[in-house]
Amino acid sequence: MIKPKMTVKPFSSLTTQELFKIYQLRVAVFVVEQQCPYQEVDDDDLRSFHLMLQDDDGSLMAYARIIPEKNQTVARIGRVIVAPDFRKAGLGRYLIQVAINQAIKLIPYTNKIVLAGQAYLKDFYHSFGFHDVSDVYLEDDIPHIDMEMVISNRHG
């Protein structure tokens, strides 16, 4: 696996170029590739930490956002994406591990990490310690499942 450069920033610290690359990748995959017309840019972006993995040329290889929830005790990981040109190289696994680590670091009282993952990735997320907390449901005609991971031994 190529060792990407990791950057994590709150929305207010993103450059216009970074924001453009994030939105360009998210729309290309979540709206166009998955043929799912929906309002991809939402208010959660404003309060999220944006995790970017980039190659040496500055291309966005992978991305996820980390959203503080419920009095800083729950972190939600969302918009998990690996750019098409960088798939099948282990970046997804690296991205999730970094997102978990950053959620714990950036949101000091986090005792739970939650996500709504596409159902076909269930075993992938389980391999990190997530477990199902819902049945499979359709979100924008794509099967999803809610999952969570309890963070133990946190002292804030």
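The values are calculated or read from the model by the stated rules, or taken from the named source; none is laboratory data. All of these numbers come straight from a predicted model, not from anything done at the bench. Cβ: placed from backbone, ideal geometry, glycine included. Neighbour counts: every protein chain shown. Only protein heavy atoms, including side chains, enter the accessible area calculation; ligands, DNA and RNA are left aside. Shrake-Rupley method; radii C 1.70, N 1.55, O 1.52, S 1.80 Å.
General observations
- Just one of the listed residues (I77, I81, I96) is touching a helix residue (DSSP H, G or I) at 6+ places or on another chain (Cβ under 9 Å) and farther than 20 Å from K3 by Cα, and it is I77.
- Taking the listed residues R47, R76, R93, the one that is modelled with pLDDT of 90 or more, among the basic types (K, R) and in contact with a Lys or Arg (Cβ under 9 Å, 6 or more places away or on another chain) is R76, with no other qualifying.
- Checking each residue in the stretch 108-144 for being at pLDDT 95 or above, among the hydroxyl-bearing types (S, T, Y) and farther than 22 Å from P37 by Cβ picks out Y125, S127, S134.
Yes or no, residue by residue, for (1) modelled with pLDDT of 95 or more; (2) outside any strand (DSSP E or B); (3) open to solvent by 20 Å² or more (accessible area, probe 1.4 Å):
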| site | (1), (2), (3) |
| --- | --- |
| I2 | no, yes, yes |
| V29 | no, yes, no |
| V32 | no, yes, yes |
| Q35 | no, yes, yes |
| Q39 | no, yes, yes |
| M52 | yes, no, no |
| D56 | no, yes, yes |
| R65 | yes, no, no |
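- Strands (runs of 3 or more DSSP E) completely within the stretch 87-156 that count 3 or more residues being under 14 Å from the mean Cα position of the chain (by Cα): 112-118, 142-150
- Test: residue in the stretch 41-49 that is open to solvent by less than 20 Å² (accessible area, probe 1.4 Å), closer than 15 Å to L115 by Cα and not in a helix (DSSP H, G or I): yes
- Residues of the stretch 9-27 satisfying the condition of being buried (at least 18 other Cβ atoms within 10 Å of the Cβ) and either basic (K, R) or in a strand (DSSP E or B) (or both): K21, R26
- Filtering I22, I66 for residues that are in contact with a helix residue (DSSP H, G or I) (Cβ under 7 Å, 6 or more places away or on another chain) and not charged (D, E, K, R) leaves a single hit, I66.
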